[in-house]
Amino acid sequence: MRPLLKILSVIACLTGIDAPVSAQLFESGRLLATTGVNQLEGAGGGGLVPWALITGYGTRDAIGGNVHGTYVWLPNFTLGSAGAAIGLYDRVELSYAHETFDTRTTGGKLGLGNGYAFNEDVVGLKLRVFGNVVYDQDSWMPQVAVGAQFKSTDNHAILHAIGAKSSKGVDMYLAATKLFLEESLLLDATVRLTKANQFGLLGFGGDRNGGYSFEFEGSAAYLISRQIAIGAEVRTKPDNLSFAKEGTAVDVFAAYFLTKNLSTTVAYVGLGDIARQKGQNGVYVSLQAGF
Amino acid sequence: MAHWIIAFPAIAFLLVAAPEAKATLYDDMGGKEGIDRLVDNSIKSFLADPRIGKTFDDTNMVRFRTMLTAQFCHIADGPCKYNGHSMAVAHRGLALRQVDFNALAEDLQSAMDVSGIPFRTQNRLLALLAPMQRDVVTK
C-alpha cells in the first residue's frame with residue numbers, strides 16, 4: 001500500500017489535485033448502491049447503458065474502483081464480459097472490459113466453425129461534467145457525464161467478409177442520470193454516437209451504413225430497499241449490415257448490493273436478432289467486487 | 001361503455017383530490033412521538049460512529065437534540081418552526097468532507113430502520129436533507 005500511496009501523492013501533486021493522500025483516499029464514502037454497476041462494455045451504469053455516475057464508492061476526495069464478470073446465455077450464443085473500472089475523485093472514470101461472443105454450434109452453421117468466438121476490447125473514459133445524483137434533490141438537474149469507448153476486435157477478415165467497414169471504432173456518449181429520491185426512483189437517458197454493430201462485436205460501420213448514428217439508451221430503476229433495485233433498460237442500435245438485421249436491446253433487471261464491496265445483477269435481456277439468429281433473449285448474470 | 005362514462009369523472013376526481021388527502025411526511029414518520037424516537041436513535045448512532053462521533057465533542061447535545069427535532073419536524077411539514085442557525089453557520093469551522101456527510105446519512109438510515117420508519121418514507125426525509133450537503137461540506 002505504501003509505495004502506491006507515494007505514487008498517488010506524487011500524481012496528486014503534479015496534477016494539482018488537493019486530495020488527502022492517506023488511507024482516506026480509498027475509503028468507500030458514497031452511499032450504498034449509488035454507484036450503479038458495470039455495464040457490458042465496462043462503464044459504470046446499468047447492464048446495457050452507461051450512466052453519468054462515476055464508478056466505485058469514492059467521493060470527490062477519494063478513489064474507488066471495481067472488477068466485474070458478466071455472462072449472458074442466449075439461445076444461439078453466449079456473451080461474456082470481464083473488466084475493471086476505476087473512479088477518480090467522483091470526476092473521471094477509466095474502464096476496461098474484454099468481451100467474448102461465443103457462437104457455439106451456430107458458428108458451424110454460419111461457416112465459422114463450432115465454438116468460433118468474436119472478441120472485443122473496450123477502453124472507456126468518462127468525465128462527470130456537472131451535477132450530483134444524490135445531493136441535487138431540490139432541482140431537476142441531473143448528473144451529467146460525457147464518455148468515450150474505444151473498441152477493437154480481433155476478427156478483421158471475418159468482419160470484412162460480413163460487410164463491416166472496420167474492426168475498430170469509437171463510441172461517444174452523453175449521459176444524464178437523475179435520482180428522484182423522494183420517489184425511490186432513478187432514471188437515466190443516454191445518447192450515443194456509434195458505428196458499432198452488435199456493440200462492436202461484429203465490427204463498425206457496414207455496407208448499408210458506414211457512418212455514425214445517434215442512438216438512444218435509457219434505464220429506470222426502482223429502489224425496493226437500500227440493497228435492492230429493480231428496473232428495465234432499452235438501448236437502440238444501428239442497423240449497418242445488410243447480411244443480418246439488428247434491432248433494439250432491452251432488459252429487466254434486479255441488482256442486489258450485498259455490501260459496498262460486493263454486488264450482483266440478474267437480468268432477462270432481449271437482444272433480438274443477432275447474425276440472422278432470431279430471438280436472442282436470455283439470462284444475464286453479473287458479479288461485481290470493489291470499493 | 002356506461003361504466004366508463006361514470007368511471008372517468010370519478011377517476012379524474014380522485015386524481016385531483018389525492019394530493020390534498022396525502023398525509024404529510026411528519027405524519028408518516030409517526031408524528032411527534034416518531035420524530036422524538038428517531039432523534040434519540042440518531043444521536044446514539046452519530047455518537048457511536050467512529051467516523052464522525054468526535055465531531056460532536058464540543059457540541060451542546062441538549063441544544064442539538066432540540067434543534068434536530070425542530071428541524072425534522074419543520075422540513076417534514078409538521079407543526080414546528082426551526083429557528084436554529086442555518087446549516088452553513090451550524091457547521092462552520094468543522095471542515096467536514098462529503099464522506100462525513102454521507103457517514104451521517106448512513107447513521108440516520110440505520111436510526112430510521114431501528115425506529116421502524118419504512119424505506120420509502122426514509123427516502124422522502126433524505127431527499128429533503130440531501131441538498132444541505134452544499135452548506136455542510138466545506139472541505
So, first residue without any contact (Cβ under 8 Å) to a residue 12 or more places away in the chain in region A:114-139, second residue open to solvent by 50 Å² or more (accessible area, probe 1.4 Å) and among the polar types (S, T, N, Q), Cβ within less than 8 Å, six or more apart or across chains; the pairs are A:Asn114/A:Thr105
A:Phe257 - would you say it is closer than 30 Å to B:Met112 by Cβ and surrounded by 21 or more Cβ atoms within 10 Å (Cβ to Cβ)? yes
Within region A:135-158, residues modelled with pLDDT of 95 or more, crowded, with 20+ Cβ neighbours inside 10 Å and either away from every other protein chain (no Cβ under 14 Å) or assigned to a loop (DSSP other than H, G, I, E, B) (or both) come out as A:Tyr135, A:Asp136, A:Gln137, A:Pro142, A:Ala145, A:Gly147, A:Gln149, A:Lys151, A:Thr153
Strands (runs of 3 or more DSSP E) (entirely within region A:44-130) containing at least 2 residues that are within 14 Å of chain B (Cβ to nearest Cβ): A:63-73, A:117-130
Out of contact with any strand residue (DSSP E or B) (no Cβ under 7 Å at 6 or more places or on another chain), open to solvent by 10 Å² or more (accessible area, probe 1.4 Å), at pLDDT 95 or above and over 21 Å from A:Ala249 (Cα atoms): does that describe A:Arg91? no
Residues located in region B:111-135, provided they are surrounded by fewer than 19 Cβ atoms within 10 Å (Cβ to Cβ), farther than 20 Å from B:Asp77 by Cβ and facing chain A (nearest Cβ under 10 Å): B:Asp113, B:Arg134
Given (1) farther than 20 Å from A:Arg235 by Cβ; (2) open to solvent by less than 50 Å² (accessible area, probe 1.4 Å); (3) within 20 Å of the chain's Cα centre (by Cα), number of the condition A:Ile162 does not satisfy: (3)
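Condition (residue is out of contact with any Lys or Arg (no Cβ under 7 Å at 6 or more places or on another chain) and of a type in the set (S, T, N, Q)) applied to region B:102-115: is it met by at least one residue?
Of all residues in region B:102-115, those out of contact with any Lys or Arg (no Cβ under 7 Å at 6 or more places or on another chain) come to B:104-108, B:110-114.
Pick out the ones that are also of a type in the set (S, T, N, Q) and you get B:110.
Looking through region B:102-115, at least one residue is out of contact with any Lys or Arg (no Cβ under 7 Å at 6 or more places or on another chain) and of a type in the set (S, T, N, Q).
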Enumeration of residues in region B:116-139 that are under 9 Å from the mean Cα position of the chain (by Cα) and among the basic types (Lys, Arg): B:Arg124
Residue list for region B:55-105, filter: more than 21 Å from A:Leu31 (Cβ to Cβ), of a type in the set (Lys, Arg) and either touching a Leu at 6+ places or on another chain (Cβ under 8 Å) or assigned to a loop (DSSP other than H, G, I, E, B) (or both): B:Lys81, B:Arg92
Just the residues that are over 18 Å from A:Asn38 (Cα atoms) and within 18 Å of the chain's Cα centre (by Cα), please, taken from region A:130-156. A:Ser152, A:Thr153
Just name the residue that is farthest from A:His156 (Cα to Cα) out of those in region A:204-217 that are in contact (Cβ under 8 Å) with a residue 40 or more places away in the chain and surrounded by 18 or more Cβ atoms within 10 Å (Cβ to Cβ). A:Glu217
Only one of these is more than 14 Å from chain A (Cβ to nearest Cβ), open to solvent by less than 80 Å² (accessible area, probe 1.4 Å) and among the small types (Gly, Ala, Ser): B:Ala90, B:Ala103, B:Ala95, B:Ala76. Name it. B:Ala90
Just to verify a result, which residue in region A:55-68, among those that are touching a Ser or Thr at 6+ places or on another chain (Cβ under 8 Å) and within 16 Å of A:Val123 (Cα to Cα), is surrounded by the fewest Cβ atoms within 10 Å (Cβ to Cβ)? A:Gly65
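The values are calculated or read from the model by the stated rules, or taken from the named source; none is laboratory data. Because the structure is predicted, anything quoted here is derived from the model rather than measured. Cβ atoms come from the backbone with ideal geometry, glycine included; neighbour counts cover every protein chain shown. In case anyone asks, the SASA skips ligands and DNA or RNA and just uses the protein heavy atoms, side chains included. Shrake-Rupley method; radii C 1.70, N 1.55, O 1.52, S 1.80 Å.
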